[in-house]
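As structure tokens, the structure follows; a few thoughts come after it.
All of the numbers you see were taken from the coordinates with simple rules; none came from a lab. These numbers were taken from a predicted model, which means no experiment stands behind them. Ideal geometry is used to build each Cβ from the backbone, glycine not excepted, and the neighbour counts take in all protein chains shown.
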Amino acid sequence: MDLKDINIAYIISSADYGGGEVYLLNLILGIKDYFKNIVVITLADGPLCERYNNISKLYKLRCRNICSIQEIIDIYKILKNENIHIIHSHLPRANLKSLIAASYIRGIKKIVTIHGSNRQFIFRDRNIFRYLLITFCEHISNLISDRIVTVCYKDYLEKVKVFNEQKVIFIKTGIKDFNAYQEKKVDLSSRKLNIGFIGRNSPEKGVEILKEVVRLTKKFPVKWIIAGDDNYELKGENIEIKGKIDIDKRNDFYKEIDLLFLPSLSEGLPLSILEAYSCGIPVLAAKVGGIPEIVYDLRSGWLFERGNVNEILKIIPNIKNDDLKYMRDWINMNRARLNPYNEFITSYVNLYSELIGVS
């Protein structure tokens with residue numbers, strides 16, 4: 001079998017603008033040059049379905065509850081009909097159902113990518129069923145899969161302690177560059193500092209921290225540009241709510257801002273940071289998950305301790321024109337290091353080749 005003859009099926013729980021979904025989109029954009037038959041199976045409809053359909057053969061399964069056996073049967077039929085050699089699943093629901101379906105097909109190789117975990121917040125919010133479900137999905141992944149991929153090195157170090165260490169690997173994340181870097185002269189003496197936030201309205205994204213910082217910077221020369229959801233419950237003259245932004249228009253969002261703010265309480269590897277770098281935008285982010293692996297303090301941005309509002313309030317008013325210029329220049333000079341897209345794609349091509357036994 002030649003490399004191009006390997007048939008790959010990607011299974012994902014949703015097709016919204018979340019990190020796992022956008023990660024998969026960027027993966028397929030690079031992988032499609034190596035393999036002829038790429039199938040995507042989504043367990044729910046969403047705005048990225050059209051993009052998936054343009055670069056692969058798309059199957060949209062009807063949304064059912066987590067206990068539905070029909071989805072497993074549907075996935076099994078697709079895998080058989082398409083003569084799939086490798087399944088590569090993303091997000092807990094897809095991991096569970098695709099692994100069970102594939103376990104009934106002899107010879108098929110099974111890969112799971114873990115995009116970080118927010119179990120502590122699910123447990124805190126007393127959603128015990130979902131907490132147990134995610135825990136169960138991870139254990140099924142450990143038992144049935146051939147490889148478990150982590151998106152940041154921190155997660156790798158944690159997973160090798162509890163999973164089969166022979167299965168767990170770390171692959172650096174990259175995204176297809178927006179090619180949107182432009183020289184940008186910022187003069188904060190004549191206008192406000194534009195700080196952007198993009199993310200869903202959920203506890204692990206640090207939305208309560210965002211709200212508090214926005215409230216406490218009302219008298220600062222700052223404008224907040226907030227995207228991802230519409231229901232942040234934030235109002236004020238210094239606030240602009242963008243809502244959801246199409247993946248093809250995100251570079252326009254980054255062009256409007258001087259700094260990206262990530263107050264996350266839990267993360268894997270935020271793709272929004274790589275998107276910002278693609279446009280030359282520095283980052284103000286919490287030291288959680290894989291963020292310290294890609295944000296170089298005082299070079300590509302500023303890092304602060306998780307949830308430390310006082311530290312954030314000391315950084316923002318002291319940001320100067322020269323700081324932003326230095327960071328933009330540093331990001332531009334180190335783009336390949338900050339966004340290793342070619343290494344990302346090559347690592348997956350090598351993983352697929354190794355599992356099938358082709359060169």
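Overview of results
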| read-out | value |
| --- | --- |
| Distant-in-sequence amide H partners of Val168 (H built 1.01 Å from N, under 5 Å) | Ile148 |
| Ranked by how many other beta carbons lie within 10 Å on average, peptides 72-83, 21-32 from highest | 21-32, 72-83 |
| Within the chain: Cβ-based charge dipole about Cα centre, in debye rounded to nearest 20 (Lys, Arg +1; Asp, Glu -1) | 360 debye |
| Three-way shape label, segment 292-333, alpha-carbon gyration tensor, a/c 1.5 | oblate |
| Global geometry of segment 280-359, whether rounded, prolate or oblate, following the gyration tensor of its Cα atoms and the 1.5 cut on a/c | oblate |
| Segment 130-206: radius of gyration over Cα atoms, expressed as a fraction of 2.2 N^0.38 Å | 1.73 |
| Ordering of 221-227, 38-44, 340-346 by packing [mean C-beta count within 10 Å, highest first] | 38-44, 221-227, 340-346 |
| Residue-by-residue Karplus 3J(HN,Hα) for segment 319-329, coefficients 6.51, -1.76, 1.60, Hz, glycine and proline x | 6, 10, 3, 5, 4, 5, 5, 4, 5, 4, 5 |
| More than 28 angstrom apart: percent of Cα pairs within segment 143-298 | 27 percent |
| Backbone HN-Hα couplings from phi across segment 10-15 [Karplus 6.51/-1.76/1.60, Hz, Gly and Pro as x] | 9, 10, 9, 5, 9, 10 |
| Estimated vicinal HN-Hα couplings, Hz - segment 148-156 in sequence order (Karplus 6.51, -1.76, 1.60; Gly, Pro = x) | 10, 9, 9, 8, 9, 5, 4, 5, 4 |
| Global geometry of segment 231-325, whether rounded, prolate or oblate, following the gyration tensor of its Cα atoms and the 1.5 cut on a/c | rounded |
| Mean Cβ count within 10 Å, highest first, over the residues of peptides 270-278, 290-298, 348-356 | 270-278, 290-298, 348-356 |
| Computed lengthening from Asn81 to Asp246, 0.36 nm per intervening residue step minus Cα-Cα distance | 56.1 nm |
| Proportion of all alpha-carbon pairs of segment 1-114 beyond 16 Å (%) | 54 percent |
| Over segment 214-359, relative contact order from alpha-carbon pairs under 8 Å, at least 6 apart, % | 17 percent |
| Volume of the Cα convex hull of segment 42-94, divided per residue and given in Å³ | 88 Å³ |
